[in-house]
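The block underneath contains the structure these notes are about, expressed in structure tokens.
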Amino acid sequence: LLSKLIQNRSEEVTFSIFQQINASEHPVVAPNKITFKDSLDPAFEYKGFKAYLRANETSSWNDETSAFEDDTDGNELSISKSKDYLSDGEWYRLDVTVKVRENKNLDDYIQDVDETNMYVIPNTAYTTFTYAAGEPLEVTQKSNEVIVRLKPDELSIVVRKSNEVTGENIS
């Protein structure tokens, strides 16, 4: 479980979903599609994603965004990659960027965090592997939990007393 603290609603939040391919090198039993799914909380607005591939634990991350298809609809995130088969040992990282909606009422998200009121917005992502053959044809697993914390909105209240008849300000 990862927690991210942001300072205001206009700040974008990026969280990463990591997934390693554990499968045979043989195409019949290796997955031929990987799909990252997420039902983003209504408090979030989806801004986009970047995808990366690492051949093994010691190699560097390479941008793989163009190989993925984004079928996201509103807050229903669905980002996938298909090929003949996904190789054993490959690591995928999907960086999903969201922001808290400007006009969303967050009163239902208030929680006491270490004796401080905070908006606490949860997010859980899933990864689905699709196979060309065998049973089951799809396997879905929880891959990431993120909690975004935000200090409650501060209000500025200005009180002016005025004479009801003349409209003049009263000190």
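Here are the numbers for this structure:
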quantity	calculated
Residue in the range 50-68 that is among the basic types (Lys, Arg) and closer than 30 Å to Ser10 by Cβ present	yes
Some residue of the range 36-43 being loosely packed, with under 13 Cβ neighbours inside 10 Å, modelled with pLDDT of 85 or more and under 29 Å from Ile121 (Cα atoms)	yes
Conditions (1) open to solvent by 70 Å² or more (accessible area, probe 1.4 Å); (2) without any contact (Cβ under 8 Å) to a residue 40 or more places away in the chain: number failed by Ser162	(1)
All positions within the range 128-145 that are surrounded by 13 or more Cβ atoms within 10 Å (Cβ to Cβ) and closer than 15 Å to Asp84 by Cα	Phe129, Thr130, Tyr131, Ala132
Within the range 94-116, considering residues that are in a loop (DSSP other than H, G, I, E, B) and of a type in the set (S, T, N, Q), the one most open to solvent (accessible area, probe 1.4 Å)	Asn103
Residue ID - least open to solvent (accessible area, probe 1.4 Å), chosen from residues in the range 146-159 that are in contact (Cβ under 8 Å) with a residue 12 or more places away in the chain and part of a loop (DSSP other than H, G, I, E, B)	Pro152
When residues of the range 58-93 are limited to those that are in contact (Cβ under 8 Å) with a residue 12 or more places away in the chain, outside any loop (DSSP other than H, G, I, E, B) and open to solvent by 40 Å² or more (accessible area, probe 1.4 Å), the one farthest from Asp38 (Cα to Cα)	Asp63
Among (1) touching a helix residue (DSSP H, G or I) at 6+ places or on another chain (Cβ under 8 Å); (2) under 22 Å from Ala132 (Cα atoms); (3) of a type in the set (Val, Ile, Thr), the one test that Ile79 misses	(1)
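The values are calculated or read from the model by the stated rules, or taken from the named source; none is laboratory data. Keep in mind it's a predicted model, so treat the numbers as computed, not measured. So basically every Cβ, Gly included, is an ideal-geometry build from the backbone, and we count neighbours across all protein chains shown. Just so you know, the surface numbers come from the protein's heavy atoms only, side chains and all, with ligands and any DNA or RNA stripped out. Shrake-Rupley method; radii C 1.70, N 1.55, O 1.52, S 1.80 Å.
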